[in-house]
Amino acid sequence: MSLDLNSVRDYLKHYDGPDVNLMEVCGSHTGAIAKNGIPSLLSDKIHLISGPGCPVCVCVSSYIDRLIELSLTENTCVVTFGDLIRVPGSQESLSIARGRGARVRMVYSPMETLDLAEKDPATTFVFAAVGFETTAPVYALLVEETKERHLSNVKLLTAIKTMPAVIDSLCSSHAPVDGFLAPGHVCAVTGYTAYEGLAKRYDLPFVVCGFTGPELLIGLTLLVKYRGQGIVKNAYPRVVTREGNQEAQALMQEVFEPAPAAWRGLGIIENSGLVLKGSYASCDAGSRDLSEDNKKNRACICDQVLTGRKKPVDCPLFGKVCSPMHPQGACMVSQEGSCFTWLTSGRQR
Amino acid sequence: MDEVITTAHGSGGRATGELIAAVFAKAFHDEMDDAAVLSVNGSEKIAMTTDSFVVTPRFYAGGDIGRLAICGTVNDLLMRGAKPAYLTAGFILEEGTKVEELSRAVTSMAETAREAGVTVVAGDTKVVEGHGGSEPQFYINTAGVGLMNGFGDAASVSAAGARPGDAILVSGTMGDHHAAILGARLGLEGTIRSDNAPLVDMVRNLLQAGVRVHTMRDVTRGGLGTVLKELATSSKQVFRIEEEKIPVSPAVKSFAGMLGLDPLYMGNEGKMALIVDEADAELSLQILRASKYGENAARIGKVEAPVADTPEGSVILTTAIGGLRSIDVLQDEGLPRIC
């Protein structure tokens with residue numbers, strides 16, 4: 001079939017085959033799907049599910065608790081992107097802690113930490129290094145620069161996750177998914193060879209996809225079309241190559257090593273995270289062993305939402321007790337969280 | 001309501017609304033608005049408003065805190081249909097503030113006041129201790145009085161004025177102020193200038209021409225999305241808008257794309273949304289485009305009566321690819337203050 005905008009729009013709207021569940025595993029895709037109003041353009045037989053790809057959403061509570069503890073420690077300042085500030089830990093968020101004196105600094109780039117540290121040598125600046133393979137190279141650069149500039153007051157509290165192992169874990173636990181929109185930005189760094197193995201093993205299609213409305217529609221069309229086939233299609237060739245960005249990969253491998261990682265609601269998954277190597281241990285603010293995950297509200301079903309077993313609207317808290325102003329779980333905080341995007345874009349299906 | 005104030009309470013979005021409801025409206029007056037319309041001697045009516053200004057950096061491409069302090073209050077008066085007349089100005093200066101910087105901001109205030117046709121008639125100065133460490137700041141509060149019907153009949157202008165069939169217009173491109181401030185903070189050299197401006201000319205021209213304006217609202221913090229959601233709610237109608245018709249400059253569009261911002265939720269300081277009778281929509285557009293700061297005015301949608309699956313207060317956006325998405329108020333910008 002032709003993949004021009006009108007054809008794919010027509011195909012997706014009038015699809016009448018067996019029901020098909022498609023998962024996007026990238027928070028930016030979740031946001032772009034809502035922003036473009038994609039659900040309103042799909043037939044009732046096509047169901048979109050948000051996977052565990054929003055870095056803020058998959059942080060365990062003990063990570064947030066540790067950040068808060070650091071931010072209240074004398075001569076210590078936590079440096080972070082804006083998103084993380086309102087994520088609830090087991091008791092409170094950084095935003096609330098700041099109200100009682102916690103030192104938290106919001107930045108747009110991790111590299112800003114270096115200047116902060118140079119200007120104020122008496123303070124230790126801890127960067128909250130949360131993210132996937134997309135942001136990991138920037139954190140690696142931060143660590144290298146810290147070493148280069150001989151700064152002893154820059155540290156990282158890491159919660160860096162990698163995609164393939166968590167997708168493997170979803171598939172092996174029989175999550176109800178018939179195809180994956182593979183994360184475009186992540187694949188730009190890592191390439192997509194890892195997904196070829198997964199596609200074959202589970203007979204599922206993966207489409208590497210961009211973030212514009214037309215790109216999303218094309219990606220979804222290919223997934224429906226290749227349902228039941230274990231193949232990978234690159235529908236984002238202007239940015240992604242099969243092998244990815246080797247320079248960025250080398251930088252990551254220099255500084256980080258694979259490790260088990262704790263995911264909110266999913267438990268510990270082998271080989272699904274990156275931690276600082278032993279030779280960079282002096283830059284670590286105590287990132288290992290932060291696996292405890294206590295829900296602020298026990299009725300929160302973030303874990304089932306993240307694995308595609310429930311929709312945000314199925315949660316008894318959704319839009320009632322839990323709202324972006326008073327989030328009970330991380331999926332309601334981040335602009336890429338599935339609960340946030342469902343609520344703010346009025347999505348019902 | 002949260003127990004302590006966080007930056008979200010100043011975002012102009014939902015948290016701000018909660019704070020007003022929980023603290024201010026309870027103590028003062030249920031029907032508090034940006035500007036109040038009051039009777040003097042039972043007959044002549046005035047509009048009155050106040051606003052405080054905190055912005056970093058204080059000087060930016062296209063404006064500064066002084067210009068902002070005049071425009072913010074002048075525009076609040078204009079949105080009620082009043083002719084802005086007199087302003088007061090209060091200054092809170094942190095110890096260490098440079099006199100040269102203050103003087104530059106005040107000179108800019110005077111120039112902007114002249115442009116807007118208002119007189120600053122009283123003022124106050126306070127000096128407070130600095131934060132220590134960070135660069136000293138200063139803050140400005142202005143209050144203003146405007147004359148109702150000073151430009152023409154404004155009796156029909158209200159936040160609840162939208163009726164089914166009305167046209168929804170904006171006076172120009174969205175997001176310029178937000179992008180200019182954020183760009184300056186990020187140290188990005190660029191061509192984006194703030195739209196910081198008083199909207200006197202366009203409001204006067206509309207009212208003097210007798211256009212049936214049902215609602216005017218300046219699109220500031222919270223952006224167009226927040227403003228339209230609030231107006232749809234207060235008028236109990238449904239608004240339908242089209243993404244492709246909302247004017248956004250190419251520079252702001254690519255800036256927003258790069259930072260993952262939605263121009264629909266980016267702040268402005270010299271733009272308004274207006275709702276006019278359908279019969280006057282084309283005339284309104286012509287007047288706006290011929291007025292100062294209105295050259296990029298556009299018609300972006302229409303007002304409809306609520307029905308079962310789109311209840312009152314809904315704002316429905318048709319996206320560029322034809323998808324539908326419902327628009328809510330800004331939740332939390334997660335960014336430092338821009339105005």
* Distance in nm between pseudo-label sites at residue B:186 and residue A:4 (7 Å out along the Cβ direction from Cα) -> 3.6 nm
* Across chain B, where is the longest run that never hits GluC sites (Glu not before Pro) in a DSSP loop with at most 15 other C-beta atoms within 10 Å? -> B:190-294
* To do: Considering Cα pairs under 8 angstrom that are at least six residues apart, work out the relative contact order of chain A and quote it in whole percent.
  => 22 percent
* For the residue pair residue B:160 and residue B:128, what label-to-label distance in nm results when each label sits 7 Å from Cα along the Cα-to-beta-carbon direction? -> 3.6 nm
* Asked: Which links in A:13/A:310; B:83/B:236; A:310/B:236 stretch past 25 Å when you go from one Cα to the other?
  -> B:83/B:236; A:310/B:236
* Give the residues of the range B:219-239 whose amide nitrogen is closer than 15 Å to a point set 7 Å from the Cα of residue B:24 in the direction of its Cβ. => B:220-222
* What size of dipole, in debye to the nearest 20, comes out for the protein assembly as shown about its Cα centre when the only charges are +1 on Lys and Arg C-beta atoms and -1 on Asp and Glu C-beta atoms? -> 900 debye
* Structure fact -> Of A:303, A:120, A:178, the most mobile residue in a GNM of chain A (C-alpha springs, cutoff 10 Å) is A:120
* Hull surface divided by four, with the convex hull built on the Cα atoms of the range A:100-214: how many nm²? -> 10.6 nm²
* Rg in Å to one decimal, and Dmax rounded to a whole Å, for the range B:100-186 via C-alpha atoms -> 19.2, 56
* Magnitude of the Cβ-charge dipole of the range A:1-293, K/R +1 and D/E -1, about the Cα centre, nearest 20 debye? -> 400 debye
* Using the alpha carbon gyration tensor of the range A:59-137, what are the three equivalent-ellipsoid semi-axes (square root of 5 times each eigenvalue), largest first, in whole Å? -> 19, 17, 10
* How high is the relative contact order of the range B:37-147, in percent, with contacts defined as C-alpha pairs under 8 Å that are six or more residues apart? -> 42 percent
* To do: Compare B:281, B:251, B:27 in a GNM of chain B, Cα atoms joined below 10 Å, and give the one with the largest fluctuation.
  => B:27
* Which FRET efficiency value, to the nearest 0.05, is calculated for residue B:111 and residue A:149 with the Förster distance at 51 angstrom and r the Cβ-Cβ distance? -> 0.70
* Structure fact -> Averaged over residues of A:81-94, the number of beta carbons from other chains lying within 10 Å of each residue's Cβ is 2
* Over the alpha-carbon set of the range A:302-342, divide Rg by the Kirkwood Rh and report the Rg/Rh ratio to two decimals. => 0.90
* List every residue whose amide H lies under 5 Å from the amide H of residue B:128, counting only residues 5 or more places away in sequence or on a different chain, with H placed 1.01 Å from N in the peptide plane. => B:93, B:94, B:95
* To do: Could you work out the mean projected area of the convex hull around the alpha carbons of the range B:167-326, in square nanometres to one decimal?
  => 9.3 nm²
* To do: Pick out, from B:274, A:42, B:96, the residue whose Cα sits farthest towards the positive end of the charge dipole of the protein assembly as shown, with +1 on the Cβ of Lys and Arg and -1 on the Cβ of Asp and Glu.
  => A:42
* Beta bridge orientation in the range B:37-147: antiparallel %, DSSP, nearest 5 -> 75 percent
* Gap separating the Cα centres of the range A:143-172 and the range B:75-96, nearest whole Å -> 49 Å
* **Helix-only mean residue ellipticity at 222 nm for the protein assembly as shown, each DSSP H run of n ≥ 4 adding -39500 (n - 2.57), per residue, nearest 500** => -9000 deg cm²/dmol
* Among DSSP beta bridges whose residues both lie in the protein assembly as shown, state the antiparallel percentage, nearest 5. => 55 percent
* **Magnitude of the charge dipole, chain B, Cβ model with Lys/Arg +1 and Asp/Glu -1, debye to 20** => 580 debye
* Structure fact -> In whole percents, the bins of 5 Å from zero upward hold the Cα-Cα pairs of the range A:161-244 as 3, 17, 28, 26, 19, 6, 1
* **Peptide A:31-42, shielding by other chains (average Cβ, 10 Å cutoff)** => 5
* Asked: So which residue, out of B:121, B:55, B:211, gets the largest mean-square fluctuation from a GNM of chain B using Cα contacts under 10 Å as springs?
  -> B:121
* Asked: Taking N as the number of residues in chain B, what is its Cα Rg relative to 2.2 N^0.38 Å?
  -> 0.97
* Over the Cα atoms of the protein assembly as shown, what is the Rg over Rh ratio if Rh follows Kirkwood? -> 0.98
* Let me have the relative contact order for chain B, percent, based on Cα pairs under 8 Å that are six or more residues apart. => 23 percent
* Asked: Can you give the angle from 0 to 90° between the axis of helix A:213-225 and the longest principal axis of chain A, with both taken from C-alpha atoms, to the nearest 10?
  -> 60 degrees
* **Share of pairwise Cα separations in chain A, more than 39 Å, in percent** => 14 percent
* **Loop-located chymotrypsin sites (Phe, Trp or Tyr not before Pro) in the range B:212-320 whose Cβ has at most 13 other Cβ within 10 Å (DSSP)** => none
* What span do the alpha-carbon atoms of the range B:251-294 cover on each of the three principal axes, reported in whole Å from largest to smallest? -> 39, 21, 16
* Structure fact -> Here the averaged projected area of the range B:37-147, based on the convex hull of its alpha-carbon atoms and given in nm², is 7.4 nm²
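FYI, it's all coordinate maths here, none of it is from the lab. All figures in this text were calculated on a predicted structure; none of them were measured in a lab. So basically every Cβ, Gly included, is an ideal-geometry build from the backbone, and we count neighbours across all protein chains shown.
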